[in-house]
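The values are calculated or read from the model by the stated rules, or taken from the named source; none is laboratory data. From a predicted model like this one, the values you see are computed outputs, not experimental measurements. Note: ideal-geometry Cβ built from the backbone for every residue, glycine included; neighbour counts use all protein chains shown. For accessibility, only protein heavy atoms count, side chains too; no ligands or nucleic acids. Shrake-Rupley method; radii C 1.70, N 1.55, O 1.52, S 1.80 Å.
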Amino acid sequence: MKNKIILVFVLLSIIGTAQDDAAQLQSIYSTSLTNGKSYEWLRYLSNEIGGRLSGSLNAELAVEYTKEELEKLGLDKVWLQPVLVPKWVRGNPEFAYIETAPGKTIPVNLCALGGSVSTPPQGLKAELIEVQGIADLNRLKRTDVEGKIVFFNRPMQADLISTFEAYGGCVDQRYDGAKEAAKLGAVGTIVRSMNLRLDDLPHTGAMSYGNTPVNERIPSAAISTNDAERLSGILKIDPKVKFYFKQNCKQLKDVQSYNVIGQITGSQYPNEIIVVGGHLDSWDLGDGSHDDGAGCVQSMDVLRLLKETGVRPKRTIRVVLFMNEENGLRGGRKYAEIAKRKGEKHIFALESDSGGFTPRGFSFDGPDYKINQILNWKPLFEPYLVHYFKKGGSGADIGPLKNDELVLAGLRPDSQRYFDHHHAANDTFDAVNKRELELGAATMTALVYLIDKYGFNSIEQKNKIKD
C-alpha cells in the first residue's frame with residue numbers, strides 16, 4: 001500500500017511539472033506574439049543599416065547597434081569579442097551579355113561570387129562550354145575547356161522536399177567550380193544561381209580557389225535562373241556564341257571586427273553555458289533580413305523573453321551574434337577557440353540560420369541519449385504546430401564547438417521559400433512576416449527554457465534510469 005501511495009505522488013508530481021511547463025511555454029509564445037521585439041530590431045538592422053558584408057562599414061554599424069540593444073535589456077554582461085575578418089569588396093556593378101553575332105547581344109543578370117577575382121579591366125569575352133556540375137566537368141579533356149568560360153548549369157533538385165538538401169546537392173559548383181575549371185585551362189566560370197524558381201535575380205555566395213596560385217585564379221560569377229535557361233537554349237542552337245562579363249571585385253587585407261555577446265548568468269549552475277545565436281554579417285545585394293538578420297534578432301529575443309516571462313535561468317544563457325559566417329566562419333571559430341582556452345563548459349548551442357519563416361522544429365547533433373531526452377518534450381510543442389525533431393545538422397557558427405558531449409541544434413523553419421531570397425537582392429525586410437518571425441523566437445526560447453530547467457542526464461544517470 002505504501003508503495004502505491006508513493007507511486008501516486010510521483011505520477012501527480014510528473015503531471016504537475018508537465019502542466020507547469022505547458023503554462024510557461026504558453027506564456028513565452030503569448031509574450032512573443034503580443035510583445036515581441038525581434039521584428040522591430042530586424043526593421044532597423046535591415047532598413048536603417050542594410051547589407052552587412054564582413055569588413056564593411058555596415059557590419060560595424062550592426063555591431064554597435066546590437067550591442068546597444070543588448071545593453072538595454074539589462075543583461076548581466078554584454079561584450080565584444082575581437083575577430084579578424086576578410087574584406088572582399090564588389091566594386092562597381094557587374095555587366096554581362098550573350099553575343100549571338102557581332103554587334104548582336106542579349107543582356108544578362110549577373111553578380112560576382114564572393115571571393116572571386118575581377119575580370120581584366122576591359123572585361124572577359126570567350127566561348128562557353130556548358131556542364132552539369134563538377135563531375136561532368138571532370139569528364140572533359142583540357143582541349144575541350146581551355147580558353148573557354150565554363151558554364152555550370154546544374155539546377156537544384158526540385159522534387160526534394162528539403163530545399164536545403166537540394167541546395168547541398170549542387171552548391172559545390174559554386175564553391176569549387178572556378179578552382180576545378182582553372183585546372184583545365186578555363187578563363188572564367190559562370191554558375192546558375194542556387195534558386196528553385198525561375199527569376200531574374202542572380203544569387204551570390206562564397207567561392208574558393210583552394211591552393212590555386214594567385215596568377216592562375218579565374219573570375220567567377222552567378223547568373224539568374226532565367227538567364228541560365230536562356231543561355232542553355234542558345235548554346236544548343238549555336239555552341240559558338242560568346243559570353244562577356246566584367247566585374248571589379250577585389251580582396252583587401254583582413255580587418256578588425258567583433259562577435260557581439262550578451263548573457264544572463266545562471267543562478268545555480270553558472271559554469272554550464274547554453275548558447276543561442278545567428279550570424280550578424282550578410283551578403284551585400286539585399287539587406288540580409290532572412291540570412292541572417294532574422295536569426296540574430298530571434299536569438300536576442302530569447303534572452304528578453306526569458307526575462308519578460310519571469311524565468312530566472314539556472315544555467316548561463318548566452319546570445320552570440322557571430323561575424324563572418326558567409327565568407328570565412330572566422331567568428332564561429334574564434335568563439336570556439338576562446339571558449340576552449342577558457343575551459344568553458346557548453347552544454348547546448350542553438351543556431352537560427354534558415355530564415356525567418358514559420359518554425360517547424362529542430363535538428364540535433366549530439367549523443368543519442370541526450371537527444372532522446374529532448375524528444376520527451378516534443379508533446380509540449382505540438383500545440384504550436386512545431387513537430388520536426390530529428391537528428392541531423394545544426395549550424396555553421398556553432399559547429400566549431402562540437403565535442404562528444406555537447407548537443408548542437410538548428411532551428412528548422414519551413415524552407416520552401418528560403419532559396420527564393422537566399423544571397424539575392426530580394427533578401428529584404430518586406431519578405432519577412434512579423435508573426436512567423438515571432439513564432440520562431442518563441443520556439444527557440446521554449447527549447448532553451450526546457451534545457452535550462454532540466455539540463456541533461458549524465459551517461460551514468462541515463463544507464464541507471466534504464467536499469
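In the list 333, 312, 318, 341, which residue meets the criterion of being among the basic types (Lys, Arg) and in contact with a strand residue (DSSP E or B) (Cβ under 7 Å, 6 or more places away or on another chain)?
Numbers: 333 fails: in contact with a strand residue (DSSP E or B) (Cβ under 7 Å, 6 or more places away or on another chain); 312 fails: in contact with a strand residue (DSSP E or B) (Cβ under 7 Å, 6 or more places away or on another chain); 341 fails: in contact with a strand residue (DSSP E or B) (Cβ under 7 Å, 6 or more places away or on another chain).
From the options 333, 312, 318, 341, the qualifying one is 318.
Counting only residues that are under 28 Å from residue 163 (Cβ atoms) and out of contact with any Ser or Thr (no Cβ under 7 Å at 6 or more places or on another chain), how many does segment 198-213 have?
Taking segment 198-213 and keeping what is under 28 Å from residue 163 (Cβ atoms), we get 198-210.
Cutting the leftovers down to out of contact with any Ser or Thr (no Cβ under 7 Å at 6 or more places or on another chain) gives us 204-206, 208-210.
Number of matching residues: 6.
Taking strands (runs of 3 or more DSSP E) that fall entirely within segment 351-413, which contain at least 2 residues that are touching a strand residue (DSSP E or B) at 6+ places or on another chain (Cβ under 9 Å) and either open to solvent by less than 10 Å² (accessible area, probe 1.4 Å) or under 20 Å from residue 291 (Cβ atoms) (or both)?
Working: elements: 359-365, 388-391, 407-413.
Those strands (runs of 3 or more DSSP E) span 359-365, 407-413.
Are there any pairs, at least 6 apart or on different chains, whose C-beta atoms fall under 7 Å, with the first in segment 364-388 and free of Cβ contacts under 8 Å to residues at least 12 places away in the same chain and the second buried (at least 18 other Cβ atoms within 10 Å of the Cβ), and if so, which?
Correct list of pairs: 378/389.
Under 9 Å between Cβ atoms, which residue pairs at least 6 apart in sequence (or on different chains) link something in segment 121-133 that is touching a residue at least 12 places away in the same chain (Cβ under 8 Å) with a partner that is of a type in the set (Gly, Ala, Ser) and part of a strand (DSSP E or B)?
Cβ pairs passing all conditions: 123/96; 124/188; 126/188.
For segment 165-186, how many residues are open to solvent by 20 Å² or more (accessible area, probe 1.4 Å) and over 20 Å from the mean Cα position of the chain (by Cα)?
Qualifying residue count for the region: 5.
For segment 215-224, name all the residues that are in a loop (DSSP other than H, G, I, E, B) and out of contact with any helix residue (DSSP H, G or I) (no Cβ under 6 Å at 6 or more places or on another chain). Step through it out loud before you land on a result.
Taking segment 215-224 and keeping what is in a loop (DSSP other than H, G, I, E, B), we get 217-219, 224.
The answer is 217, 219, 224.
Take the residues of segment 236-278 that are farther than 24 Å from residue 118 by Cβ and of a type in the set (S, T, N, Q): which is surrounded by the most Cβ atoms within 10 Å (Cβ to Cβ)? Don't jump to the end; show me each part of the working.
We begin by selecting, within segment 236-278, every residue farther than 24 Å from residue 118 by Cβ; these are 236-240, 256, 258-278.
From what is left, the residues that are of a type in the set (S, T, N, Q) are 256, 259, 263, 265, 267-268, 271.
Details: 256: 10, 259: 25, 263: 22, 265: 15, 267: 11, 268: 11, 271: 12.
Checking each candidate, the answer is 259.
When you check residue 189 against the structure, is it touching a Pro at 6+ places or on another chain (Cβ under 9 Å), within 19 Å of residue 246 (Cα to Cα) and either open to solvent by less than 10 Å² (accessible area, probe 1.4 Å) or not in a loop (DSSP other than H, G, I, E, B) (or both), yes or no? Walk me through how you get there before you give the answer.
On the way: touching a Pro at 6+ places or on another chain (Cβ under 9 Å): yes; within 19 Å of residue 246 (Cα to Cα): yes; either open to solvent by less than 10 Å² (accessible area, probe 1.4 Å) or not in a loop (DSSP other than H, G, I, E, B) (or both): yes.
Spelling it out, residue 189 is indeed touching a Pro at 6+ places or on another chain (Cβ under 9 Å), within 19 Å of residue 246 (Cα to Cα) and either open to solvent by less than 10 Å² (accessible area, probe 1.4 Å) or not in a loop (DSSP other than H, G, I, E, B) (or both).
Are any of the residues in segment 68-82 among the small types (Gly, Ala, Ser) and surrounded by 17 or more Cβ atoms within 10 Å (Cβ to Cβ)? Full working, then the answer.
The initial filter retains those residues of segment 68-82 that are among the small types (Gly, Ala, Ser), namely 74.
Next cut, surrounded by 17 or more Cβ atoms within 10 Å (Cβ to Cβ) only: none.
Scanning segment 68-82 turns up no residue that is among the small types (Gly, Ala, Ser) and surrounded by 17 or more Cβ atoms within 10 Å (Cβ to Cβ).
State which residue is farthest from residue 43 (Cα to Cα) when the search covers only segment 251-291 and only residues that are among the polar types (S, T, N, Q) and in a strand (DSSP E or B).
From segment 251-291, those among the polar types (S, T, N, Q) are 251, 256-257, 259, 263, 265, 267-268, 271, 282, 289; that's our starting set.
Adding the requirement that they be in a strand (DSSP E or B) leaves 251, 256-257, 259, 263, 271.
Working: 251: 30, 256: 26, 257: 23, 259: 21, 263: 23, 271: 35 Å.
Checking each candidate, the answer is 271.
Restricting attention to segment 45-86, report how many residues are among the polar types (S, T, N, Q) and either assigned to a loop (DSSP other than H, G, I, E, B) or in contact with a strand residue (DSSP E or B) (Cβ under 6 Å, 6 or more places away or on another chain) (or both). If you could, list the steps in order and put the result at the bottom.
Let us first name the residues in segment 45-86 that are among the polar types (S, T, N, Q), namely 46-47, 54, 56, 58, 66, 81.
Those left that are additionally either assigned to a loop (DSSP other than H, G, I, E, B) or in contact with a strand residue (DSSP E or B) (Cβ under 6 Å, 6 or more places away or on another chain) (or both): 54, 56, 66, 81.
Total meeting the criteria: 4.
Applying the selection to segment 145-163, what residues are surrounded by fewer than 18 Cβ atoms within 10 Å (Cβ to Cβ), farther than 17 Å from residue 129 by Cα and either touching a residue at least 12 places away in the same chain (Cβ under 8 Å) or of a type in the set (Ser, Thr, Tyr) (or both)?
Within segment 145-163, the first condition is being surrounded by fewer than 18 Cβ atoms within 10 Å (Cβ to Cβ), and the residues that meet it are 146-147, 157-162.
Now restrict to residues that are farther than 17 Å from residue 129 by Cα: 157-162.
Matches in segment 145-163: 157, 158, 162.
If you check residue 212 against the conditions, is it of a type in the set (Ser, Thr, Tyr), crowded, with 18+ Cβ neighbours inside 10 Å and assigned to a loop (DSSP other than H, G, I, E, B)? Don't jump to the end; show me each part of the working.
Numbers: of a type in the set (Ser, Thr, Tyr): yes; crowded, with 18+ Cβ neighbours inside 10 Å: no; assigned to a loop (DSSP other than H, G, I, E, B): yes.
So residue 212 does not fit the description; no.
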